[in-house]
Structures are given as structure tokens and as C-alpha cells.
Amino acid sequence: MNIIDFIKYLILGLIQGFTEPIPVSSSGHLRIFEELLGNGFFNDLNFEIIVNFGSFLAIVLFFWKDIWTLILDFFGYIKTKKKSYQDGFRYCMFIIIGTIPAGIAGILLKDFIEESLSSVRIVGAALVITSLFLYLIKDFKGIKNDREITYKDAFIIGLFQMIALFPGISRSGATIVGAMFLNFKRDTAFKFSFMLYLPISLATMMLGTKDLIASHPSGSLLFYYFIGMLSSFIMTFFATKWFHNIMKKGKLMYFVVYCLIVGFAVILFL
């Protein structure tokens, strides 16, 4: 085992795991660390898929009761059309509608974003924008709950998720901001934000699996991949729990200050 490689993949897993659920942009932070440590430090796209899978599993574990209920309601309603399954079925449809904008934009704009918007200073500017939007909704409490989501609401929140395709714009931050602007309660905004994450994350992994298999990673590389995935999984789970508590208490100002400081530091010094 190469200790340098071990540390490298462990660090990437921890960065991904901590920054994925909180509103600070995981992709933006990976780009910043790449700039700080040299372009050759994080250059394994397959590994990014692996650590994202770790985050995906952690989010599934965190929301497993909600996810299981939604699955039962979705297929139960399709099969029986019972009214008791209707709310869960509609929520699943909202997730599908909310996923469409980012899905289409991701397919159409992927190359443009990677080629034209990869500058670390753009990431810094995007973090400042994230900070400003979080500041606008930091005191919002909202009054609407899960049962009051509409297809229009789901699509609008999906448009906010689409904006988060740009490096430095937080996905969780963007979708929560969108939901809070629509007057949803903090807990409702938090839950729907992460429900939207799951299909996008799953689609990204499925698209990358072919390249991962084709690369024929060695046994030692698979070990490092596992370390990164495990560290990402553990860190994401606890970061999600931490962020949930912060959302309930309405203390988004922590992230406002953090994104503002990091954003300007990146613009001025990198």
C-alpha cells in the first residue's frame, strides 16, 4: 500500500462526504483543492463516481424510511389506485418533475460547463452567489408542507437544481433556496432537496459505470476506491444529520459567512 495514495483518496472521500449534503458545493471544493494541490492530485474521474456513490448510500440510509414508504406508495397506487397511496405517488411524481430540468441541462451543457466554466475563479464567484442567496432565505420559516407541493413547485425547484450544475453553486443550497422562496417549511425544503439528489446522483453513477468497468482498475486501485467510498459514506451521513439540525434551528448564517469568505479568498488569491 502506498501511503501517499491512501491519504490522497481518503482526503477526496472526506471532502466529498462532508461537502455533498451541506450548501457549500462539493464540486466547487474539489476544484479548489485541485488548484491548491496541483492539477495532477485529483485527476481520477472514476474515483469521483465512486465517492459520489458513497454519498448516495449515506443519503439513502438517512432517509430510508421515507424512501421505502414512497416506493410502496408509488407501486401500490399504480396497482390498486387506492387513495391511501395517492400522496406518496404524487410525491414521487414531484421528484420526477423536479429532476427533469437538471437532467436535460446536464446532457446538453455537460461539455460546455466542463470546458468553459472550470476556472477556479468562476467557482469563487459562484460561492459568493450561493452565500447571497442563502442570506436572503436565512430567516424564512415557511408555512407549506409536503402535502402542499404542486407540480409547478416541483418544476421551479428543479430549475434551481439545474443552476447548481455550474461549479461552485451548491445543489442542496440551490434547491433549498428555491423551496424556501416558495414558502415551504424548512423541514419540507430539506427533505425535497435530498429526494431530488437521489435520481440525479443515480443517473450520474449509471452513466459513469461503463467507463469505470472499461478502465479495468487494478486490485490496489480498487482498495483505494473502497477507502474513499467508505470515508465519503460515513462523512456524508453525519454531515447530513448535522445539516438537518442546522436547518431546523434556522442557522444558515454559518454557511453564508463560510461561502462568502471562501469565495472571495478564491477570487483574490487563486
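The values are calculated or read from the model by the stated rules, or taken from the named source; none is laboratory data. What you see is a predicted model, and the numbers here were worked out from it, not measured in a lab. Here Cβ is always computed from backbone atoms with ideal geometry, including for glycine, and neighbour counts include all displayed protein chains.
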**Request:** Would you check if there is a residue in segment 137-158 being in contact with a Ser or Thr (Cβ under 7 Å, 6 or more places away or on another chain) and among the aliphatic types (A, V, I, L, M)?
**Result:** yes
**Request:** Scan segment 99-121 residue by residue and report those that are closer than 23 Å to residue 197 by Cβ and either touching an Asp or Glu at 6+ places or on another chain (Cβ under 9 Å) or of a type in the set (A, V, I, L, M, F, W, C) (or both).
**Result:** 100, 102, 104, 105, 107, 108, 109, 112, 113, 117
**Condition check for residue 85: over 30 Å from residue 253 (Cβ atoms) and part of a helix (DSSP H, G or I)** = yes
**Asked** Within segment 104-122, is there a residue that is at pLDDT below 95, touching a Pro at 6+ places or on another chain (Cβ under 8 Å) and among the β-branched types (Val, Ile, Thr)?
**Response** yes
**Message:** Restricting to segment 121-138, count the residues that are in contact (Cβ under 8 Å) with a residue 60 or more places away in the chain and either over 25 Å from residue 187 (Cα atoms) or of a type in the set (Gly, Ala, Ser) (or both).
**Reply:** 6
**Prompt:** Cβ-Cβ below 6 Å, separation at least six or inter-chain, first residue in segment 241-259 and part of a loop (DSSP other than H, G, I, E, B), second basic (Lys, Arg): which pairs?
**Reply:** 252/138
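To keep it simple, each residue is scored yes or no on (1) of a type outside the set (A, V, I, L, M, F, W, C); (2) within 16 Å of the chain's Cα centre (by Cα); (3) surrounded by fewer than 21 Cβ atoms within 10 Å (Cβ to Cβ).
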site: 190; (1), (2), (3): no, yes, no
site: 194; (1), (2), (3): no, yes, no
site: 218; (1), (2), (3): yes, no, yes
site: 224; (1), (2), (3): yes, no, no
site: 245; (1), (2), (3): yes, no, yes
site: 248; (1), (2), (3): yes, no, yes
site: 251; (1), (2), (3): yes, no, yes
site: 258; (1), (2), (3): yes, no, yes
site: 264; (1), (2), (3): no, no, yes
**Complete:** Of the candidates 22, 100, the one satisfying the condition of being touching a helix residue (DSSP H, G or I) at 6+ places or on another chain (Cβ under 8 Å) and outside any helix (DSSP H, G or I) is 22
**Complete:** residue 167: passes all of (1) touching a Leu at 6+ places or on another chain (Cβ under 7 Å); (2) part of a helix (DSSP H, G or I) but (2)
**Fill in**
The residue that is nearest to residue 109 (Cα to Cα), considering only those in segment 170-209 that are touching a helix residue (DSSP H, G or I) at 6+ places or on another chain (Cβ under 7 Å) and outside any helix (DSSP H, G or I), is 170
**Asked** For the subset of segment 136-167 comprising residues that are within 21 Å of the chain's Cα centre (by Cα) and among the acidic types (Asp, Glu), which member is surrounded by the fewest Cβ atoms within 10 Å (Cβ to Cβ)?
**Response** 146
**Item:** Residue, farthest from residue 159 (Cα to Cα), within segment 97-116, restricted to residues that are among the hydrophobic types (A, V, I, L, M, F, W, C) and surrounded by 15 or more Cβ atoms within 10 Å (Cβ to Cβ)
**Value:** 113
**Asked** Which one is modelled with the lowest pLDDT among residues in segment 196-208 that are of a type in the set (Gly, Ala, Ser) and surrounded by 16 or more Cβ atoms within 10 Å (Cβ to Cβ)?
**Response** 208
**Request:** Return yes or no: is residue 93 part of a helix (DSSP H, G or I) and touching a residue at least 12 places away in the same chain (Cβ under 8 Å)?
**Result:** yes
**Asked** Which residue, of 76, 88, 13, 17, is under 13 Å from the mean Cα position of the chain (by Cα), modelled with pLDDT of 85 or more and among the small types (Gly, Ala, Ser)?
**Response** 17
**Which numbered condition residue 10 misses (of (1) aliphatic (A, V, I, L, M); (2) surrounded by fewer than 17 Cβ atoms within 10 Å (Cβ to Cβ); (3) not in a helix (DSSP H, G or I))** = (3)
**Request:** Considering each residue of segment 139-160, count those that are of a type in the set (A, V, I, L, M, F, W, C), touching a residue at least 40 places away in the same chain (Cβ under 8 Å), part of a helix (DSSP H, G or I) and out of contact with any Pro (no Cβ under 6 Å at 6 or more places or on another chain), and give that number.
**Result:** 3
